[in-house]
Structures are given as structure tokens and as C-alpha cells.
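The structure appears below as C-alpha cells.
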Amino acid sequence: MDAKNYAQVLIDGKIYTLTGSEDEAYLQKTASYVNEKLTAMRKIPGFSKQSGDYQIAMLGLNLADDYFKADEAARKAAGERDAMEKETYSLKHELVGTQMKLEAVLADLEERQKQLEQLQKKVSALEAEAKKQQAAYEKAEDEKAEAADDLAQAAEAQSEHTETKEELVRRALQAAEKASGHKGGRR
């Protein structure tokens with residue numbers, strides 16, 4: 001069971017002994033609040049001229065008004081807190097979902113990076129092979145050109161050789177004709 005605390009407080013110039021489960025500082029704070037309210041109300045014109053019962057009733061109404069306003073503010077703050085907690089939960093849930101998506105995207109990115117590296121290696125290998133093929137093609141073209149030159153030279157030489165044969169045949173025929181013409185003249 002809570003221990004009872006006693007405190008002597010001053011309210012409206014009179015000393016009262018209060019008991020409660022709250023500590024003495026809290027009891028002094030509440031008494032001070034009541035004194036502040038009384039002082040504020042006495043500053044209202046005509047308040048001090050009213051009967052003591054009226055003043056007590058007005059003090060009670062003002063304290064009740066403060067209580068209800070504070071209670072409403074507390075309820076509003078609790079509602080805002082609850083809404084913020086729901087929003088925080090929603091944001092945390094969204095954050096987890098976003099983190100999961102990010103992890104999936106990063107994993108996909110990593111996989112695509114590996115694929116890109118493999119493709120770059122293949123491209124490099126194909127480029128090297130293409131250079132080899134190009135060199136082989138150029139060499140074959142050079143050899144083809146050399147073979148064509150050799151063939152042209154051989155054809156030219158053969159043509160010259162053919163001309164020489166033809167020339168020899170022609171001369172031989174001429175000689176044969178002359179010889180037959182001499183033979184025919186002696187008869």
C-alpha cells in the first residue's frame with residue numbers, strides 16, 4: 001500500500017495540512033497552482049466584491065475548466081501519438097519492403113554485373129579472334145595478289161613462249177615453202 005505523505009501548504013494566506021500518496025513537492029505545486037488561480041481571479045474587476053461562496057464556486061469552475069482543457073489536450077496528444085505510432089509502423093513496414101526490394105535489386109545488379117563481365121570477356125575473345133581472322137584474311141589476300149601476279153607473269157611468259165612457237169612454226173612453214181618452191185623449180 002502507498003505510504004501517506006503529509007505536507008503543510010499555504011493557500012490564500014491560510015496554512016493547510018494535506019495528506020496524499022504524492023510526494024511533498026507535488027502537493028506544494030498543486031497548492032501553488034490554486035494560489036495562482038485565486039490571484040488571477042482577484043484581478044478580475046468585481047470578483048472580490050462577490051460572496052465567498054461565489055468566489056469558491058468560480059475558482060472551482062476555473063479549475064474544472066483548466067482540467068477539461070488539459071484533459072482534451074491530453075486526449076488530442078494521445079490521438080496524435082497513436083496516429084504517429086500507426087504512421088511509424090506503416091513507414092517501418094514500407095521501409096522493410098523497400099529494403100527487401102533494394103536487396104533484390106542489388107542482387108540482380110550483382111548478377112547482371114557478373115554477366116556483363118562474362119560478356120566483356122567473350123567480346124574481348126571474339127575481338128582477338130576477329131583480329132586473327134582479319135590478319136589471316138589479309139595474308140590470304142596478299143598471297144592471292146601474289147598468286148595473281150605470278151599467274152599473270154606466267155601467262156605473259158606463256159604468251160611470249162606461244163608467240164615464239166608460232167613464230168617458229170611460221171618460219172618453218174615459210175622455209176618449207178621456199179624449200180618446196182626450190183624443189184619445184186628444179187624439176
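Odds and ends about this structure:
- Filtered by the rule that a residue be touching a helix residue (DSSP H, G or I) at 6+ places or on another chain (Cβ under 7 Å) and either outside any strand (DSSP E or B) or charged (D, E, K, R) (or both), the range 1-17 gives a lone residue, Asp12.
- Residue count for the range 40-74 under the criterion of being in a loop (DSSP other than H, G, I, E, B) and open to solvent by 50 Å² or more (accessible area, probe 1.4 Å): the result is 7.
- Among residues of the range 1-28 that are basic (Lys, Arg), those with a beta-carbon under 9 Å from a residue that is part of a strand (DSSP E or B) at least six positions away or on a different chain give the pairs Lys4/Thr19; Lys4/Gly20.
- Summed over the range 81-110, the residues that are open to solvent by less than 90 Å² (accessible area, probe 1.4 Å) and over 14 Å from the mean Cα position of the chain (by Cα) give a count of 6.
The values are calculated or read from the model by the stated rules, or taken from the named source; none is laboratory data. Since the model is a prediction, treat every value here as computed from it, not as a measurement. FYI the Cβ positions are ideal-geometry reconstructions off the backbone, even for glycines, and counts take in every protein chain you see. Each accessible area value is taken on the protein alone, full model and side chains, heavy atoms only, with ligands, DNA and RNA left out. Shrake-Rupley method; radii C 1.70, N 1.55, O 1.52, S 1.80 Å.
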